[in-house]
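Worksheet: the structure to be examined is printed underneath.
The values are calculated or read from the model by the stated rules, or taken from the named source; none is laboratory data. Computed from a predicted structure; not experimentally measured. Cβ coordinates were reconstructed from backbone atoms using ideal geometry, including for glycine residues, and neighbour counts include every protein chain displayed. Note: areas computed on protein heavy atoms with side chains; ligands, DNA, RNA excluded. Shrake-Rupley method; radii C 1.70, N 1.55, O 1.52, S 1.80 Å.
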Amino acid sequence: MAEVLLFTLLLFLHHGSFILVSSGPADDSVTSTSPSPVTSFSVGHTMSPANHTEDPPTGFTTDKPQTSSKHVTEATAERKAPSPETEEEDEGPPEFECPPLGLESLKVRDTQLRASSFKRRGLGPHRGRLNIQSGVEDGDIYDGGWCAQYRDKNQWLEVDARRPTRFTGVILQGRSSIWSWNVVHTYKVQFSNDSLVWKPSMNGTEEAVFEGNQDLETPVLALFNTSTVARYIRINPQTWYENGTQGDICLRAEVLGCTLPDPNNMYAWQTEPSESRDKLDFRHHNYKEMRKLMRSVHESCPDITRIYSIGKSHGGLKLYAMEISDNPGKHELGEPEFRYVAGMHGNEVLGRELLLNLMQHMCEEYKRGDQRIVRLVKETRIHLLPSMNPDGHETAFKKGSELAGWATGRYSYEGIDMNSNFADLNSEMWNAIELETDRSKLINHYFPMPEAYTSEKAFVAFETRAVIDWMQNIPFVLSANLHGGELVVTYPYDMTRDWAPREHTPTPDESFFRWLATVYASTNQVMSNPDRRPCHNKDFIRYNNIINGADWHNVPASMNDFSYLHTNCFEVTVELSCDKFPHASELPIEWENNRESLLVYMEQVHRGIKGVIRDKDTEAGIADAVIKVDDIDHHIRSVTDGDYWRLLNPGEYKVTVSAEGYLRSSRTCRVMYEHYPTICDFRLTKIPEQRLKLIIGRGGKLSTDLQLKLRQLRLRKLRVTTKAINQRRAAAAKRAKRV
């Protein structure tokens, strides 16, 4: 607080001039205030300043990450297996004195970015943002960085912070491109209060020259020896990859800085909010911290929560889920099951933190008596899986929000992209449609997994196997898979039929999936903002922020498609933010952006029809009955106690129910606009014994019952092979421990 007051006082005394303020902490640990060499940090290793080769003066202390031996190269970090659950303290991410201004998160607007020159619109200063991704082709309006028109040392990228800011560092990246190689090797930095008079960042008595990039993707951090209070900052490239005479000056950047109170701002109340009204734990949680928070929520609300594990990651970390229900641990007749899954890609961390916030929020609001939350808890069994890929998250977490890059931690420890690691049932379905002449023999739901997929040698991640088993054990009705890196909601199918790069490929439930996607997108405060700019290389605002997954890009074997074709569950993907790993300071406003969307999407599990299918004579529930809705070529099945849920838009539908050994039954069900579903119960009459024997005696067609048994046998085989793999891994770990 004293430091902020000091800055404010200096601003009053020296308004319009440069103010250089030491970045060292005001305590006795700083034994020298002599200038120190400027140091740049890449992901995982240290780089020396370009104009200084001596060691820093003895006794100098800076607020930068320590470059001890525990910093390893990115490749080594990816190979190093995460340790199983222990109580030892994990290495945390580097901590910066000041947060990023928000070039990557788009908090810094396009109008705040200027440049000395640029080659074309697609390489303008507005594209010089950390981790921005280019389109497939160079030359369009969505290129992968800022590129100067000229190749000389007078080029610069300028950021206007719009208020007095204490600048402490810069993070640099090369141009994102699959066709071009453009990186800045060294650069200078200048500051200004009026954009007319500029003062350079100094390294002692010399102008500091910072080391930049050696590759396109690795973010490289440079922390200033002396922080500078100013409004404007410029990045001035000095050397770059010249590629003979064809190399362009291109870069992507983020700026670190602490905004200060502006005594001349009489409209401070108009500034954008940066906090949330909810008092939640807004920070990034590593695995142990996540587990601790989940326990604290359970201890606070033991009557409505339950923590359980659905399996383990390759590194031995448990995949913890939180159940929220008025009767935890039990499926209640007629109560739908809902799930949120986050962290499939370990470096897309916002979904993880939002689900942890959601747990806290629902617990606190339930105790306060909020009727909306009470109704959700009493009428829905909710399951939250905050981290499907904890191994990947731990890798990304250790790098930190700004230095993890675009892909560090995305994949499983084995290098598997779990978003395309489920069984490819789309191809099975489309092949059957092409080969089968008798359409009555085709199935349109509960497709069995191919035998090759369930074998022990199948390249299936431990985490994927665990989630499939979870889907089989719980009759989920609705789900969403939370990702990051864009702002859009996608819905099935994710895979194109003929392996085209992109093509609109709808399901029979296209209209309802569009409704689901619209529900989330229209209530999300950022997606629904008509003035927002596109994140990377596609303008989803033109599509109302929703799109068929295959129409964006082809993703075979996705979890969304598998869920729809193999179970009763409808699932969409939510891309939550342009920034995959937003800084902790942005988490409160991200919660505000998504809180209503998360709640209203859960409420959609109660849209459509539901009921119980019973034996007319015994009143016992009938499991595995097939529920068919006329004009929608996708059926669902009843679960163990005979209850079912069919998601539908408002309207009138003819519904037919059939079950092995029973006569079919049909009725008309009308879906209203209200929050609650329409009840459509069925009582089936058994087929007379003589007719039943006749049907069973016919050859050729595989009965529905046998199809179901085949599906169950393959699931059992998948579980057995998973258990065998786990046992071998445990035995190998014991042998290694003994050695």
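Order of 650-659, 604-613, 543-552, 719-728 by packing, highest average Cβ count within 10 Å first?
Result, highest mean first: 604-613, 543-552, 650-659, 719-728.
Probe of 1.4 angstrom, ligands and nucleic acids ignored: what's the accessible area per residue over the stretch 138-180, in square angstrom?
For the stretch 138-180, the per-residue accessible area is 38 Å².
To one decimal place, what Kirkwood hydrodynamic radius in Å is obtained for the stretch 495-610 from all pairs of distinct Cα atoms?
15.6
If amide H atoms are built 1.01 Å from N in the plane of the peptide, which residues on other chains or at least 5 residues away come under 5 Å of the amide H of G311?
Hits under the 5 Å cutoff: L319.
Could you sort 191-198, 729-736 so that the peptide with the highest average Cβ count within 10 Å comes first and the rest follow in order?
Ranking the peptides 191-198, 729-736 by packing returns 191-198, 729-736.
Per the Kirkwood formula on distinct C-alpha pairs, the Rh of the stretch 561-700 is how many angstrom?
Taking every pair of different Cα atoms in the stretch 561-700, averaging 1/r and inverting gives 17.9 Å.
For the charge dipole of the stretch 532-584, defined by +1 on Lys and Arg C-beta atoms and -1 on Asp and Glu C-beta atoms about the Cα centroid, which residue among V555, C578, T567 has the Cα displaced farthest towards the positive pole?
C578
Per-residue HN-Hα couplings for the stretch 426-435, Karplus 6.51 cos²θ - 1.76 cosθ + 1.60 at θ = phi - 60°, whole Hz, x for Gly and Pro?
4, 5, 4, 5, 5, 5, 5, 5, 6, 8
Return the lysines within reach of K199: Cα separation strictly under 18 angstrom, same-chain partners fewer than 8 residues apart disregarded; answer none if there are no such residues.
Straight-line reach from K199, under 18 Å: K153, K188.
In nm, what is the difference between 0.36 nm times the number of residues separating L333 and I178 and their Cα-Cα distance?
That works out to 50.5 nm of additional length.
Considering only the other residues whose Cβ falls under 10 Å of the Cβ of E365, what net charge follows from Lys and Arg at +1 and Asp and Glu at -1?
0
Rolling a 1.4 angstrom probe over the protein chains, ignoring ligands and nucleic acids, what is the accessible area of C250 in square angstrom, nearest 10?
Roll a 1.4 Å probe over it and C250 shows about 0 Å².
What full-extension length gain, to one decimal in nm, is calculated for D438 and S117 as 0.36 nm per residue of separation minus the Cα-Cα distance?
Length gained between D438 and S117: 109.0 nm.
For the stretch 601-606, in order, what is each residue's ³J(HN,Hα) by Karplus, 6.51 cos²θ - 1.76 cosθ + 1.60 with θ = phi - 60°, in whole Hz (x at glycine and Pro)?
Couplings: 5, 4, 5, 5, 5, 9 Hz.
Gain in length, R306 to A733, computed as 0.36 nm per residue apart minus the alpha-carbon separation, to one decimal in nm?
Value of the extension gain: 150.7 nm.
Assuming R0 = 51 Å, what is the FRET efficiency of L713 and Y673, from their Cβ-Cβ distance, to the nearest 0.05?
The value I calculate is 0.75.
Give me the lysines in straight-line cross-link reach of K686: C-alpha distance below 16 Å, same-chain residues under 8 apart excluded.
Output for K686: K616.
Where in the stretch 317-360 does the amide nitrogen come within less than 13 Å of the point 7 Å from the Cα of K378, taken along Cα to Cβ?
Within reach of a label on K378: 326-327.
Starting from the Cα of K330, draw a straight line to each of the lysines and keep only those under 21 Å, dropping any in the same chain fewer than 8 residues away.
Once the sequence-local lysines are set aside, what remains near K330 is K378, K610.
Rounded to two decimals, what ratio of Rg to Rh does the stretch 311-448 give with C-alpha atoms and a Kirkwood Rh?
1.10
Scan around G212 for amide H atoms under 5 Å from its own, H built in the peptide plane at 1.01 Å from N, and keep only partners 5 or more places away or cross-chain.
The answer is T186, Y187.
Find the accessible area per residue for the stretch 341-491; the probe is 1.4 Å, ligands and nucleic acids are left out, and the unit is Å².
Accessible area per residue: 30 Å².
Take the stretch 612-665, compute every pairwise Cα distance, and split them into 5 Å bins from 0; I just need the percent in each bin.
Final binned percentages: 5, 19, 30, 24, 13, 7, 1.
Under the definition of Cα pairs under 8 Å and six or more residues apart, what whole-number percent is the relative contact order of the stretch 638-685?
Taking the mean separation of contacting Cα pairs over the length of the stretch 638-685, I get 31 percent.
For the stretch 181-327, give the percent of accessible area contributed by carbon and sulfur heavy atoms, probe 1.4 Å, rounded to a whole number.
48
If you count, for each residue, the other Cβ atoms within 10 Å and average over each peptide, how do 339-346, 667-674, 422-429, 227-234 line up from highest to lowest?
339-346, 227-234, 422-429, 667-674
Calculate one ³J(HN,Hα) per residue across the stretch 356-372 by plugging θ = phi - 60° into the Karplus curve 6.51 cos²θ - 1.76 cosθ + 1.60, and present them in order as whole Hz with x for glycine and proline.
5, 5, 5, 4, 4, 4, 5, 4, 5, 6, 5, 5, 6, x, 4, 5, 5
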